[in-house]
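S.K.: The structure's right below; bear with me while I get my questions together.
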Amino acid sequence: MNMNYTAEELAFRDEVRAFLDAKLPADIAAKVKGFRKLSKEDHQRWQKILSEQGWYATHWPEQYGGVSWTPVQKHIWDEESCRYGVPRSIPFGVNMVAPVIIKFGSEEQKQQYLPRILSGEDWWCQGYSEPGAGSDLASLKTRAVREGDHYIVNGQKTWTTLGQHANMIFCLVRTNTEVKAQEGISFLLIDMNTPGITVRPIITLDGEHEVNEVFFEDVKVPAENLVGEENKGWTYAKYLLTYERTGLAGIGLSKAALTHLKQLASRQVKNGKPLIQDQTFSQRIAQVEIDLMAAAISNLRIVASVEGGGVPGAESSMLKVRGTEIRQAINDLARRAIGPYAIPFVEEEMDQAYDGEFLSDPGAAPLAAHYFNNRKLSIFGGSNEIQKNIVSKMILGL
Ligand SMILES: Cc1cc2nc3c(=O)[nH]c(=O)nc-3n(C[C@H](O)[C@H](O)[C@H](O)COP(=O)(O)OP(=O)(O)OC[C@H]3O[C@@H](n4cnc5c(N)ncnc54)[C@H](O)[C@@H]3O)c2cc1C
């Protein structure tokens, strides 16, 4: 495998760097690099800049306004954008429902929804999980019953990320209870402003409102909002999951987090010396860096195989497990680096504009919250235990 970029790829990297130097707002990059919370407005402002550049929809064919980057170009974008502090795209519209609409949706659905995703008019959320259906998603119970030209939807979704901002939700619903679980599921697009929908916040360990419960009570959904065929939703859901899992390894994010960790550990003092010179701590950093380098090479192997026409298979599961373990290990070391100052939660210090006195290092305030928030990495997108099941079956043949 040739590990060097070609001249064209290097030119593309220069173009990416020039664009980010010129267009990435400094306040947004500072928030991303400092692990501070981004507002809805921050996301929308950056999305508009990316859309104007034509670089927002990297998974779409050009005919719908996408950009046809090669796997290596996508990799370069990922590496550079993490290094610069670009916000992660909220994936539910652009990277999840859009590929499903493009592949299985009607012409009307393509015309109605794709331009609104590109322009940022619609904010989508994902209605898959339910209180009794997470890893075992096919057991979902939210019911949709066809009545004339409508479906009547009743049930509950949960863990709905950023559902409080969304005006659209794509849902898996049960349309047939008589058949095998997977064969009675349909894929519905639902306007969040329809009467009968209630969104309730779930406040997580870090004190944030990122996820929600969504309740449906006799919600009337036009039949034309069904994607593809009734009872074929499981096929579309699985197609979407291949997009959801792409990039979950977060190698670029881990590299940026490692740089941040080293800077933080250089500023902290232990026994009169910078913490980064402490033997035990520096060994821990070295170990996680070695793990990250190994994962980065595995990631490149997959990029090279996809570039050569292959399809990412169970290797993505392996990378998701290793990648998320590494990121959680880096978050843990950052929390340890500030020691007891990770305990107090001073909300004002989390604000970018705070100009009062800091309890400790000005970068310390979000670290514990970030550590807690990223416990999610090994749960969502298919928990790490489920990924290990896939690896043991598909790669190890057990
Ligand atoms: C922060 C966050 C955001 C999320 N956002 C969304 C969203 O926007 N939309 C959405 O639809 N869902 C979302 N999810 C839900 C997520 O997909 C589920 O949490 C995940 O699929 C796990 O399901 P569960 O929570 O029901 O746990 P369960 O499936 O009940 O699993 C509990 C534990 O058992 C283990 N386990 C389960 N089955 C097996 C098995 N067969 N073998 C070995 N171990 C097993 C799991 O790994 C886990 O450790 C989000 C979750 C989190 C935490």
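The values are calculated or read from the model by the stated rules, or taken from the named source; none is laboratory data. Model, not experiment: these values are computed from the prediction. Glycine gets a Cβ as well: all are built from the backbone with ideal geometry, and neighbour counts include every protein chain shown. With ligands, DNA and RNA removed, areas are computed over all heavy atoms of the protein, side chains included. Shrake-Rupley method; radii C 1.70, N 1.55, O 1.52, S 1.80 Å.
S.K.: Pull out all pairs, ordered by first then second residue, where Cβ-Cβ is under 7 Å, the residues are six or more apart or on different chains, the first lies in the stretch 88-115 and is open to solvent by 60 Å² or more (accessible area, probe 1.4 Å), and the second is hydroxyl-bearing (Ser, Thr, Tyr).
M.R.: 103/239
S.K.: Which one of these does residue 331 not meet: (1) part of a helix (DSSP H, G or I); (2) in contact (Cβ under 8 Å) with a residue 60 or more places away in the chain; (3) open to solvent by 40 Å² or more (accessible area, probe 1.4 Å)?
M.R.: (3)
S.K.: I would also like to ask the following. How many residues does the stretch 16-27 contain that are part of a helix (DSSP H, G or I) and within 25 Å of the chain's Cα centre (by Cα)?
M.R.: Looking only at that region, the number is 8.
S.K.: Now for a separate question. Give the residue, chosen from 272, 252, 309, that is more than 25 Å from residue 393 (Cα to Cα) and either open to solvent by 30 Å² or more (accessible area, probe 1.4 Å) or not assigned by TED's automatic domain parsing to the domain that holds residue 372 (or both).
M.R.: Just one listed residue meets the conditions, 272.
S.K.: Here's something else I'd like to know. Which residues, counting only those in the stretch 140-157, are of a type in the set (Lys, Arg) and assigned to a strand (DSSP E or B)?
M.R.: Of everything in the stretch 140-157, those that are of a type in the set (Lys, Arg) and assigned to a strand (DSSP E or B) turn out to be 143, 146, 157.
S.K.: Additional query: Residues in the stretch 367-398 that are over 25 Å from residue 92 (Cα atoms) and more than 8 Å from the ligand (Cβ to nearest atom): how many?
M.R.: 10
S.K.: Out of (1) at pLDDT 85 or above; (2) surrounded by fewer than 18 Cβ atoms within 10 Å (Cβ to Cβ); (3) more than 27 Å from residue 30 (Cα to Cα); (4) away from the ligand (no atom under 14 Å from the Cβ), what's the single condition that is false for residue 336?
M.R.: Condition not satisfied by residue 336: (3).
S.K.: Next question. Looking at (1) within 16 Å of the ligand (Cβ to nearest atom); (2) open to solvent by 40 Å² or more (accessible area, probe 1.4 Å); (3) among the basic types (Lys, Arg), can you tell me which one residue 320 breaks?
M.R.: (2)
S.K.: Now for a different question. Which condition from (1) assigned to a helix (DSSP H, G or I); (2) in contact (Cβ under 8 Å) with a residue 40 or more places away in the chain; (3) open to solvent by 30 Å² or more (accessible area, probe 1.4 Å); (4) out of contact with any Lys or Arg (no Cβ under 9 Å at 6 or more places or on another chain) is the one that residue 240 breaks?
M.R.: All conditions are met except number (3).
Table: residues versus (1) within 21 Å of the chain's Cα centre (by Cα); (2) under 30 Å from residue 370 (Cβ atoms); (3) more than 13 Å from the ligand (Cβ to nearest atom).
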| position | (1), (2), (3) |
| --- | --- |
| 132 | no, no, no |
| 149 | no, no, yes |
| 154 | no, no, yes |
| 170 | yes, yes, no |
| 173 | no, no, no |
| 182 | no, no, yes |
| 196 | no, no, yes |
| 206 | yes, yes, no |
| 213 | yes, yes, no |
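S.K.: Still on this structure, please answer the following. Could you check, for the stretch 44-57, whether at least one of its residues is under 27 Å from residue 164 (Cα atoms), basic (Lys, Arg), assigned to a helix (DSSP H, G or I) and touching a residue at least 12 places away in the same chain (Cβ under 8 Å)?
M.R.: yes
S.K.: Show the residue pairs meeting these rules: Cβ distance below 9 Å; 6+ apart or different chains; first residue within the stretch 133-150 and over 13 Å from residue 171 (Cα atoms); second residue away from the ligand (no atom under 11 Å from the Cβ) and among the small types (Gly, Ala, Ser).
M.R.: 136/181; 139/181; 146/223; 148/223; 149/223; 150/223
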